[in-house]
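**Q** Got a structure for you, written out below as structure tokens; questions coming shortly.
The values are calculated or read from the model by the stated rules, or taken from the named source; none is laboratory data. Fair warning: this is a prediction, and the values are worked out from it, not measured in the lab. With ideal geometry, Cβ positions are generated from the backbone for all residues, glycine too; neighbour counts draw on all protein chains shown.
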Amino acid sequence: MPTGRNIRSTTHRRLGVAMAFGLMLSGCLGREMPSMMRPHDPSAATPVGALAPQGAASALIADLQARRSVLVAGGPFSAVADAALASSAGAAAAELRVARLKAEARAKNWLPQIGPQVSLTSLSGLAASLLVEQALFDNGRRKAERAFAAADVEVAAVGLSASINQRVYEGLVYHVNAERARAQAAVAGKGAVRLAEFENIMAQRVEGGLSDRSEQQVLQQRTAEMQATLASDRQAEASAMAELAALVGQPMGHVQGMDGLTAGPASEPLSVLRVRGEGARAIAQARAERAGMLPGLAATTGIGTEGVSPGLAMTGAGILNPGAGAEMAALDQTGDVVDRQIAEAAETANRRIVALESQIATLTTRQAQGAEVLRQTTGNLELFTEQYKVGRRSLLELVGQYDAYTRLERDQAALRYDIVVLQLEIARDRGLLVDGARM
């Protein structure tokens with residue numbers, strides 16, 4: 001009859017074997033320090049190269065990689081985009097790396113599963129063994145799991161592209177807003193100087209008795225309004241430059257000017273690509289769930305102190321569930337739902353782009369018409385000036401004409417920048433503000 005000392009010795013020995021199995025497996029699974037315990041590396045946040053092909057080829061990621069920016073290389077827009085990219089925190093790139101690591105793990109799910117098994121055989125001790133299980137037939141569940149992980153990578157890749165394009169778009173809009181305010185301030189500044197000259201002439205006329213003070217007050221009001229407009233434009237410029245500096249992490253006052261956008265291809269909007277990736281992921285998940293409801297077969301063997309014990313095991317939930325038929329029918333409809341979601345997303349994205357293009361066409365027409373009106377107003381202003389010199393027009397009439405001309409010129413100057421913002425919005429939706437090779 002075994003003594004208490006022998007029982008404890010046997011128990012400790014078997015427990016030690018189980019712990020050894022566990023340590024051996026943990027060493028095989030990976031020896032890296034957990035990321036939460038590693039020191040933060042700022043360079044790891046840089047998204048450059050995150051879309052580089054890895055593992056199995058993906059048509060969606062290849063499409064993102066092939067896209068080229070509509071920004072002119074070496075221009076002010078390109079400089080702002082480079083600064084925005086350099087200062088990106090890279091959260092979307094980190095999410096893509098996590099998704100790829102998960103996909104890499106799922107790619108090996110066809111290999112046998114090995115793990116320790118510890119059980120209490122009796123009150124006298126523990127039984128430790130190494131359990132090996134290999135799926136023989138699983139109705140495509142593991143294949144669906146691999147497809148789910150691959151689709152998850154594609155969704156993360158689209159998220160990275162959308163995040164980077166949105167960041168560059170925001171930086172460019174700040175730059176365009178600053179340029180618009182600067183252009184309008186130039187017009188308002190010129191008008192304020194000219195109105196101040198008219199005010200001096202009016203003051204002299206009042207002193208000489210040629211005009212009354214009511215006319216002088218009207219002119220002073222117009223001058224004050226123009227100076228307030230100038231101050232507002234300068235404040236808008238400073239605000240836009242401050243927001244741009246906060247985005248990119250450095251002053252961007254040295255980057256000035258505008259350049260046009262190159263004609264980009266009619267690439268599929270990123271919102272549609274995201275729905276495609278999410279749809280592929282939903283279909284893969286439905287297939288995995290359906291396969292899990294059907295019976296499967298796996299070969300198992302246990303290696304332990306009692307020797308080798310091979311056998312076969314049934315896997316899956318089986319078909320005894322009364323609601324299994326309806327649930328499987330619902331899962332079979334996932335593909336149809338995904339197709340409809342993709343069609344709806346494509347329709348919504350196309351309607352949005354058409355609306356933006358219509359706004360661009362409207363602003364372009366207004367720009368052409370405004371240029372013609374401005375030309376006519378310039379002619380009227382010259383005529384008023386000549387008539388004023390010969391005494392046929394009063395100074396106040398000339399001031400009113402010049403004030404209207406200045407405000408029309410200021411509004412006309414803003415149209416160019418409004419059009420560019422809409423063009424940038426379309427390029428952002430299509431994912432064409434950054435080269436795919438840079439992401």
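**Q** So, in segment 85-94, of the ones that are surrounded by fewer than 19 Cβ atoms within 10 Å (Cβ to Cβ) and in a helix (DSSP H, G or I), which residue ends up nearest to the chain's Cα centre (by Cα)?
**A** Of segment 85-94, the ones surrounded by fewer than 19 Cβ atoms within 10 Å (Cβ to Cβ) are 86-87, 89, 91, 94.
From what's left, in a helix (DSSP H, G or I): 86, 91, 94.
Working: Ala86: 15, Ala91: 10, Ala94: 13 Å.
Among them, the one singled out is Ala91.
**Q** Right, another one. Just a yes or no: is a residue in segment 327-341 acidic (Asp, Glu), in contact with a helix residue (DSSP H, G or I) (Cβ under 9 Å, 6 or more places away or on another chain) and at pLDDT below 85?
**A** Filtering segment 327-341 for residues acidic (Asp, Glu) gives 327, 332, 336, 339.
From the residues that got through so far, the ones that are in contact with a helix residue (DSSP H, G or I) (Cβ under 9 Å, 6 or more places away or on another chain) too are 327, 332, 339.
Then drop every residue that is not at pLDDT below 85, which leaves 327.
Yes.
**Q** Just to be sure I understand, how many residues within segment 197-225 are assigned to a helix (DSSP H, G or I) and over 56 Å from the mean Cα position of the chain (by Cα)? Steps first, answer last, please.
**A** Quick first cut of segment 197-225, residues assigned to a helix (DSSP H, G or I) only: 197-207, 213-225.
After this cut, where a residue has to be over 56 Å from the mean Cα position of the chain (by Cα) as well, the list is 201-207, 213-215.
Of the residues in segment 197-225, 10 are assigned to a helix (DSSP H, G or I) and over 56 Å from the mean Cα position of the chain (by Cα).
**Q** Kindly check whether there is at least one residue in segment 409-416 that is farther than 30 Å from Glu225 by Cβ, hydrophobic (A, V, I, L, M, F, W, C) and in contact (Cβ under 8 Å) with a residue 60 or more places away in the chain.
**A** no
**Q** Kindly list the number of the only condition in (1) in a helix (DSSP H, G or I); (2) crowded, with 17+ Cβ neighbours inside 10 Å that fails for Leu433.
**A** (1)
**Q** Of everything in segment 399-439, what is closer than 23 Å to Phe384 by Cα and of a type in the set (S, T, N, Q)? Give them in sequence order.
**A** Keep residues of segment 399-439 that are closer than 23 Å to Phe384 by Cα, which gives 399-412.
Result: Gln401, Thr406, Gln412.
**Q** Ok, one more. Of the conditions (1) at pLDDT 85 or above; (2) closer than 30 Å to Arg142 by Cβ, Ile303 fails just one. Which one is it?
**A** With respect to (1) at pLDDT 85 or above; (2) closer than 30 Å to Arg142 by Cβ, Ile303 is out only on (1).
**Q** Let me ask another. Against the condition over 30 Å from His254 (Cα atoms), modelled with pLDDT of 80 or more, surrounded by 15 or more Cβ atoms within 10 Å (Cβ to Cβ) and of a type in the set (S, T, N, Q), how does Asn109 come out, does it pass? So that I can check it myself, show each step before the final result.
**A** Details: over 30 Å from His254 (Cα atoms): yes; modelled with pLDDT of 80 or more: no; surrounded by 15 or more Cβ atoms within 10 Å (Cβ to Cβ): yes; of a type in the set (S, T, N, Q): yes.
Taking the combined requirement at face value, the residue does not satisfy it.
Condition check ((1) out of contact with any Lys or Arg (no Cβ under 6 Å at 6 or more places or on another chain); (2) of a type outside the set (Val, Ile, Thr); (3) surrounded by 15 or more Cβ atoms within 10 Å (Cβ to Cβ); (4) farther than 30 Å from Ala414 by Cβ) across all residues:
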residue	(1), (2), (3), (4)
Ala192	yes, yes, yes, no
Phe198	yes, yes, yes, no
Gly208	yes, yes, no, yes
Arg213	yes, yes, no, yes
Gln216	yes, yes, yes, yes
Gln220	yes, yes, yes, no
Ala224	yes, yes, no, no
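**Q** Right, next: Of the residues that sit in segment 390-419 and are hydrophobic (A, V, I, L, M, F, W, C) and within 26 Å of Arg180 (Cα to Cα), which one is surrounded by the most Cβ atoms within 10 Å (Cβ to Cβ)?
**A** The residue in question is Val399.
**Q** Taking segment 345-367 as the search range and keeping residues that are free of Cβ contacts under 8 Å to residues at least 40 places away in the same chain and of a type in the set (D, E, K, R), which one is farthest from Leu408 (Cα to Cα)?
**A** Here the residue is Glu347.
**Q** Another question, then. Take Gln387 and decide whether it is part of a helix (DSSP H, G or I) and more than 48 Å from the chain's Cα centre (by Cα).
**A** On the way: part of a helix (DSSP H, G or I): yes; more than 48 Å from the chain's Cα centre (by Cα): yes.
Yes, satisfied.
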